[in-house]
Amino acid sequence: MAHFHYKLITKQGIMQGGVVDLPFDSPLSATAYLERQGGAVIFVKPLPAWMGNLYGGVERFFEVRIETATMAEALNNVAIMLKSGIPVVAAIQDAMADNDNPTLAKVGRDLVSRIHAGSSLSESARNWGRYFPDTTLFLMRIGEETGSLDRTIQDASRHMIKVDRIARETKGALMYPAIMFSVIFLAMAFWLYAVVPMVLPLLKATGKELPALTQGIIATANFLQAHLGLLAVGSVVVVVVFKTLMQRVYGFRRQVHGFLLHMPIIGTIIHASNLAFITAYFSLLLNAGVDVIKSLDILGGALSHEIYKEKMKEVRVGLVNGLGLRTSFADAGIFPPFVVRMIGIGEVSGALPRQLDFAAEEYGRRLDDLIKTLGKSIEPIALVLGGGLFVLLLVGMFMPLYSMVG
């Protein structure tokens, strides 16, 4: 795999050139590939590795994003065409390489070129891991090994849509209170920065000692006036440092995840979304024919919440040590009795995927209900908090003026 600088003349007689990323190391192979696309190649020259990496990084930075729904639709279309007997290369060409989204079209063309070069679909898609989740890659490989690629790709498409819905709803639910309280904070900062200094000369003109509340508001306004730039820069630095620590420091990330999990309302949303994800994902893998131990390994790697990743490892250890699936989930201590009971019934009856599907639907409904009721719960709190702060501000600033008039 390398980047090549090329120039060719198209069938229409137009000179065309650029840089292309191809699954070849040899310029001869790259030339043969470009000629198959149509046109006469003038020259093909491989770029140095550092230049190719730099070009690829810049290209990724500016590329059009592929929405999960768009990728899921493309995969579903591929599955439908495979079911009707169309070869995989032709299916990818029609469903992805000719797509209106330029990035998806590029991914489709790359998949086609890699398959022509001798790679399987799952191996080719692994080079685009930022668009194909591990679940999708694993299901593709299972489909290739079992001859049921159409079914596994369709399962992957449905799973992508389901997981994307859970992620969007959870993110939206957690963003709502953050936006509400940020608006209150910014409104208070505006009053302290812009309004209080206008009233300050009148307060000084009274010549009387101001109440402690008024002095505190004036001190806060003066501090904001003097250090606004520093506060803005400091806020950006705090956000960047926090995001960096969350991405790179496991201990910090685990502490934050544990703290959020025990917060009222927010913890309930996180709990419901993770349970919906675990049960839906577990069911998908079992339905695809993956054994329970391997499914737990894959599931643990797919989870982003550190606490739940640890609990899935505990479940796996319990199962390896001879405990049943129900006992292993119960001993983990984080799964509610409803989930443990459904898993136990599925384990005994041999209908575990069906029971997990039922649990996933139930927690999906609970998550929907939580999101609907979140606004009704947050709005009164925000009104009380915002109203209380503004009342304190008004009392502190205007009561001395009323006293002076009196």
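The values are calculated or read from the model by the stated rules, or taken from the named source; none is laboratory data. If you're wondering where the values come from, they're calculated on a predicted model, not measured in any experiment. We place every Cβ from the backbone using ideal geometry, glycine too, and count neighbours over all the protein chains shown.
A few remarks follow.
- Those helices (runs of 4 or more DSSP H) lying entirely in the range 269-333 with at least 2 residues within 24 Å of Ala156 (Cβ to Cβ): 292-302, 306-320
- Some residue of the range 69-82 being surrounded by fewer than 15 Cβ atoms within 10 Å (Cβ to Cβ) and among the charged types (D, E, K, R): no
- Of all residues in the range 328-384, those that are within 30 Å of Ile179 (Cα to Cα) and crowded, with 19+ Cβ neighbours inside 10 Å total 6.
- Subset of the range 169-191 that is under 23 Å from Leu389 (Cα atoms) and hydroxyl-bearing (Ser, Thr, Tyr) - its residue that is surrounded by the most Cβ atoms within 10 Å (Cβ to Cβ): Tyr176
- Ala212 being in the same structural domain as Ser377 (by TED's automatic domain parsing) and either crowded, with 20+ Cβ neighbours inside 10 Å or more than 30 Å from Gly85 (Cα to Cα) (or both): yes
- Residue match in the range 303-311 (condition: at pLDDT below 90, surrounded by 19 or more Cβ atoms within 10 Å (Cβ to Cβ), within 20 Å of His257 (Cβ to Cβ) and touching a Lys or Arg at 6+ places or on another chain (Cβ under 9 Å)): no
Every residue, every condition in (1) free of Cβ contacts under 8 Å to residues at least 24 places away in the same chain; (2) surrounded by fewer than 16 Cβ atoms within 10 Å (Cβ to Cβ); (3) outside the structural domain of Phe185 (by TED's automatic domain parsing), yes or no:
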position: Met246; (1), (2), (3): yes, yes, no
position: Arg254; (1), (2), (3): no, yes, no
position: Ala272; (1), (2), (3): no, no, no
position: Leu296; (1), (2), (3): yes, no, no
position: Gly300; (1), (2), (3): yes, no, no
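- Test: Gly143 is part of a helix (DSSP H, G or I), closer than 30 Å to Gly267 by Cα and small (Gly, Ala, Ser): no
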